[in-house]
Amino acid sequence: MVTSKQATQMTKKIALITGASKGIGLALARKMVSENFIVIGTSRSGSIPGVANADFHPLALDLSKPSSLESACTQLLDQFPRIDVLINNAGIGPDLGAKKPDWQSFHSTFEVNVSGTVFFTEKLISAIHDNGIILNVSSKMGAIDLCELTDSVAYRMSKSALNMYTKLLANRLQGNIRVASVHPGWVKTSITKGNLIHGRLTPEQSAERIFEFLISDFDTGAFWNAETESDLPW
Ligand SMILES: NC(=O)c1ccc[n+]([C@@H]2O[C@H](COP(=O)([O-])OP(=O)(O)OC[C@H]3O[C@@H](n4cnc5c(N)ncnc54)[C@H](OP(=O)(O)O)[C@@H]3O)[C@@H](O)[C@H]2O)c1
């Protein structure tokens with residue numbers, strides 16, 4: 001017999017958003033719950049008090065710890081064997097604005113923005129529905145063709161690497177799952193103090209535009225600027 005919880009899961013689409021405790025991820029979680037998705041949102045603590053809704057499920061995930069990836073996937077797939085949308089939003093930028101790379105921030109940035117994100121995604125691909133979507137929240141700062149500055153070496157390089165993963169996955173999953181990189185705009189979040197002061201979009205405005213892209217018939221392998229609503233060069 002199908003329980004009412006299983007019946008809800010069969011009718012609503014299921015989205016997993018990493019880094020949903022604040023900033024763009026939190027705004028996206030709220031937006032997608034309001035659009036009738038079941039949303040699983042991650043944070044390192046596993047607590048996300050900012051979304052109070054029966055269709056929202058917090059999950060503990062620290063992308064810098066392989067054991068955390070393992071236990072998050074086990075818990076997740078036990079409760080939600082099928083996922084429609086994976087949004088790899090979690091990201092850090094400890095060297096944003098720094099003139100030169102330093103070992104510690106280089107290491108931690110790549111652990112979260114690249115290795116953790118790649119291996120978390122790899123563990124979940126088989127659970128992603130045919131016609132599903134993987135959205136990597138990247139940055140215009142990772143666009144090699146647009147790079148004229150010298151700062152934020154680890155952050156920029158991590159987003160270029162994430163973009164390459166978008167392309168590789170789009171090639172691998174062609175005809176099955178669509179994959180894209182999205183630049184969320186310059187958004188007022190605590191990723192840096194400067195963002196909170198100078199960001200041009202609120203997290204809600206950015207989430208709105210990312211959501212519009214998500215539900216569009218975008219081509220797999222795209223790199224989309226959600227702020228200007230146009231394609232970006234790689
Ligand atoms: N803000 C912008 O202008 C901007 C521009 C371009 C791209 N982006 C990208 O947009 C994404 C979201 O950024 P944001 O501005 O919303 O940043 P934010 O407010 O600092 O949020 C970052 C999220 O990542 C999570 N996180 C941090 N370390 C983690 C780890 N080790 N494992 C798993 N999750 C972790 C945080 O959760 P906990 O700390 O609770 O664990 C938080 O939910 C990032 O990928 C960022 O690079 C932002």
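The values are calculated or read from the model by the stated rules, or taken from the named source; none is laboratory data. As the structure is a computational prediction, the values presented were derived from the model and not from experiment. When we count neighbours, we look across all protein chains shown, and the Cβ atoms used for this are built from the backbone with ideal geometry, even at glycine. Side chains are part of the model used for accessible areas, which takes the heavy atoms of the whole protein and leaves out ligands, DNA and RNA. Shrake-Rupley method; radii C 1.70, N 1.55, O 1.52, S 1.80 Å.
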Only Lys, Arg (+1) and Asp, Glu (-1) charged, at Cβ; the range 151-234 dipole about Cα centre in debye = 400 debye
Rough spin-label spacing in nm, given labels placed 7 Å along Cα→Cβ, for E212 and L77 = 3.7 nm
ask   = How much of the accessible area of the chain, in percent, comes from carbon and sulfur atoms when a 1.4 Å probe is used?
value = 56 percent
note = Quick note, the range 30-122: a/c under 1.5 would make it rounded; otherwise a/b > b/c is prolate and the rest oblate (a ≥ b ≥ c, C-alpha gyration tensor); here it is prolate
note = Quick note, the range 106-177: a/c under 1.5 would make it rounded; otherwise a/b > b/c is prolate and the rest oblate (a ≥ b ≥ c, C-alpha gyration tensor); here it is oblate
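Could you give the length gained by full extension between I197 and E148, i.e. 0.36 nm per residue of separation minus their alpha carbon distance, to one decimal place?
Additional length available on full extension: 15.3 nm.
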Selection from L63, N136, L173, by position along the positive dipole direction of the chain (Cβ) = L63
request  = Among the lysines, select those whose C-alpha is under 23 Å from the C-alpha of K167, and discard any that sit fewer than 8 residues away in the same chain.
outcome  = K123, K140, K159
request  = Could you work out the mean projected area of the convex hull around the alpha carbons of the chain, in square nanometres to one decimal?
outcome  = 12.4 nm²
note = Distance in Å, no decimals, from the C-alpha centre of the range 148-166 to the one of the range 48-62 is 29 Å
note = Taking a crude spin-label model, label points 7 Å out from Cα along the C-beta direction, the N36 to A52 distance in nm is 2.5 nm
ask   = Taking the range 58-170 as the region of interest, what is the percent of Cα-Cα pairs per 5 angstrom bin, listed from the shortest bin to the one with the maximum distance?
value = 2, 12, 21, 22, 18, 12, 7, 5, 1, 0
query = Based on the Cα coordinates of the range 53-94, what is the per residue volume of their convex hull in Å³?
reply = 98 Å³
message = Test of understanding: in a Gaussian network model of the chain with alpha carbons linked when under 10 Å, which of L124, L146, L61 would top the mean-square fluctuation ranking?
response = L146
note = For the range 96-145, shape from the Cα gyration tensor axes a ≥ b ≥ c, cut at a/c of 1.5 then a/b versus b/c, turns out oblate
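With +1 on each Lys and Arg Cβ and -1 on each Asp and Glu Cβ, and nothing else charged, work out how big the dipole of the chain is about its Cα centre, in Debye to the nearest 20.
380 debye
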ask   = So which helices of the chain fit the span-like rule, where a helix is a whole DSSP H run, its Cα atoms reach 27 Å or more along the axis, and its mean Kyte-Doolittle is at least -0.5?
value = 153-172
ask   = Under the definition of Cα pairs under 8 Å and six or more residues apart, what whole-number percent is the relative contact order of the chain?
value = 18 percent
